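Notes for the one structure printed next.
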Amino acid sequence: MRYWLMKSEPDEFGIDDLAASPRQTAPWTGVRNFRARNFMLHDMAPGDRVFFYHSSCEVPGIAGIAEVASAPQVDTTQFDPKSDYYDPKSNREKPRWYHVEVKLVKKTSFVSLPELRRHRELSGMQTLARGNRLSITPVGEAEWDFITRRLMGR
């Protein structure tokens, strides 16, 4: 099992939206960064655990835990000219963008970005690196354990 952090803007799709989705499962569409796409396409597997992170909001941070619920699938938003995620360079014969489905495991106590930054045990966490803008980043097992046991288990 691998561990991940996936960012979403809560006014677009937050943890409550995932909780309200059918079967509490939703496709993680709209990723338009090749490195983040490659994590979904080549590294993620059903059953991997995910920190659901609220970004680009007043108080960013981890709002819950989800799991990868599907193998990668073609992200059809890339073909829809009305979609914010339309990509005119992509075509159905050779799609550029993929998604996985995520399923809610549980909403948790909120762990803010400043709280994450406060702990030296998390200093190597990729999402906390200066200049990191990836919407999907791997999380080490020790980082996962520290956050779930020490920060969420309060």
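The values are calculated or read from the model by the stated rules, or taken from the named source; none is laboratory data. Small disclaimer: the values here were computed from a predicted structure and weren't measured. Reconstructed Cβ throughout: ideal geometry from the backbone, glycine too, with neighbour counts over all protein chains shown. What goes into the accessible areas is simple: the full protein's heavy atoms, side chains included, and nothing from ligands, DNA or RNA. Shrake-Rupley method; radii C 1.70, N 1.55, O 1.52, S 1.80 Å.
Things to note:
- Of the numbered criteria (1) closer than 26 Å to PRO114 by Cα; (2) open to solvent by 60 Å² or more (accessible area, probe 1.4 Å); (3) part of a helix (DSSP H, G or I), the one GLU58 fails is (3).
- Inside the stretch 61-87, residues that are assigned to a helix (DSSP H, G or I), under 13 Å from VAL31 (Cα atoms), out of contact with any Asp or Glu (no Cβ under 7 Å at 6 or more places or on another chain) and open to solvent by less than 60 Å² (accessible area, probe 1.4 Å) make up a count of 1.
- Residue that is surrounded by the fewest Cβ atoms within 10 Å (Cβ to Cβ), among those in the stretch 106-154 that are aliphatic (A, V, I, L, M), over 15 Å from GLY61 (Cβ atoms) and touching a helix residue (DSSP H, G or I) at 6+ places or on another chain (Cβ under 9 Å): ALA142
- Residues being touching a Phe, Trp or Tyr at 6+ places or on another chain (Cβ under 6 Å), farther than 23 Å from ASP43 by Cβ and not in a helix (DSSP H, G or I) - total across the stretch 115-151: 0
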